[in-house]
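Scroll down for the structure; my scribbles are underneath it.
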Amino acid sequence: MNNNDFAKLLNENAQKVEKALDDYLSNKDDNGLAQSMRYSLLYGGKRIRPFIVMEAYKLFSGDASVEKAIPFACALEMIHTYSLIHDDLPCMDNDDLRRGKPTNHKVFGEGVALLAGDTLLTYAFEVLASNNLVSDKSIRLATLALSKCAGFSGMAGGQMIDLSSMNNIKSFDELKVMHSLKTGALIRCAMLLGYYAACDNPSKDIIDDIESYATNLGIAFQIRDDILDRIADCETLGKPVGSDDKNGKTTSLTFMSVDEAQGLVDSMTKDAIASIEKYYDDKDNRSLIDLANYMVGRNK
């Protein structure tokens, strides 16, 4: 798949997810809370995690239609968006911009932003459990995966390491553990949700390959973020740059140069691709491999 075809597929999947997300929130009585939720949930973004859900579903089901996977994809995007709203709060990263516009708490206030994040978190599980296109076992598997990947053993646990480290991370290996939880867990979840939408009798070998792909890609994704914070400009990135250095934050660039970091991104991306390449029969349509290569070279 060439770059133009991949960009088209990425955009098509994003449009499907955004329509579904809009539908999930369209009937909600708005006392201000739904407005805040919609502000962060429906304003752009590449929808990488939902893309992974849908493309993993296609890979393991052989079904070009993604209707069965869309509720799972939307649930994961709600979790991701809630985490962004909370990450931007003054008690966390205290950021003013997200995707080129004021962060949620800057528009609606800290209290409403907090509630919007909380509601997206809980609504995600309602959406997940309401998927009537898959089996009950698939829903149970997906619920367990999302709970683990978003909670204590995943994203939230990684965020806690970040908060409690106080820049006392002493090695890159320690940093990788944090990234595998804070960033990698939701990418791993995306692969699992797509697989469980396709199959309710999972193979351990496939899950091992999925997790290898996701772990390598998740850490590579975060290292690329560290690089962009150093070399990108605010207009392109859509959020403040240079904040890591300004705040004395420990990143991959604490332990290596930009060139070394990009080399590691390239190496981990190759390892990610090697984990799932054998599942693709169609050499011209390898969307998750194309995604990995896209994430290496992204500039925002």
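Worth a mention:
- Rounded, prolate or oblate (a/c below 1.5 giving rounded, otherwise prolate when a/b exceeds b/c) for region 116-186 by Cα gyration tensor: prolate
- Residues in region 56-67 carry Karplus couplings, in order, of 5, 4, 4, 4, 9, 10, x, 9, 6, 6, 10, 4 Hz; the curve used is 6.51 cos²θ - 1.76 cosθ + 1.60 with θ = phi - 60°, and Gly or Pro positions show x.
- Over the chain, volume per residue of the alpha carbon convex hull, in Å³: 122
- Fewest-first ranking of Glu12, Glu77, using other Cβ atoms within 10 Å as the exposure measure: Glu12, Glu77
- When the chain is treated as a GNM with alpha-carbon contacts under 10 Å, the residue of Ala64, Ala272, Ala75 showing the greatest mean-square fluctuation is Ala64.
- Shape analysis of region 57-205 places it in the oblate category; the axes a ≥ b ≥ c from the Cα gyration tensor give an a/c of at least 1.5, with a/b not above b/c.
- Spacing of the two label points (7 Å from each Cα toward its C-beta) at Ser153 and Asn2, in nm: 4.5
- Scanning residues 5 or more positions from Arg98 or on other chains, those with amide H under 5 Å from its amide H are Thr103, with H placed 1.01 Å from N in the peptide plane.
- Projecting label points 7 angstrom from Cα along Cα→Cβ for Arg230 and Asn168 puts them 2.6 nm apart.
- Cα gyration tensor shape of region 1-124, rounded if a/c is under 1.5, else prolate or oblate by comparing a/b with b/c: prolate
- Sequence-ordered 3J(HN,Hα) estimates for region 11-21 from the Karplus curve with 6.51, -1.76 and 1.60 and θ = phi - 60° stand at 5, 4, 5, 4, 5, 4, 5, 5, 5, 5, 4 Hz, glycine and proline given as x.
- Rounded to the nearest 20 debye, the dipole size of region 3-297 about its Cα centre is 280 debye, using +1 on the Cβ of Lys and Arg and -1 on the Cβ of Asp and Glu.
- Taking the Cα centre of region 1-149 as origin and assigning +1 to Lys and Arg Cβ atoms and -1 to Asp and Glu Cβ atoms, the resulting dipole is close to 340 debye.
- Checked against a 30 Å cut-off, the cross-linked pairs Lys16/Lys176; Lys16/Lys148; Lys68/Lys148; Lys46/Lys170; Lys8/Lys249; Lys16/Lys249 give Cα-Cα distances beyond that limit for Lys16/Lys176; Lys46/Lys170; Lys8/Lys249; Lys16/Lys249.
- Inter-probe distance in nm under a simple model that places probes 7 Å from Cα toward Cβ, at Lys204 and Met92: 3.6
No lab work stands behind these numbers, since they all come straight from the coordinates. All values reported here derive from a predicted model rather than from experimental measurement. For neighbour counting, all protein chains shown are included, and Cβ atoms are generated from backbone atoms with ideal geometry for every residue, glycine included.
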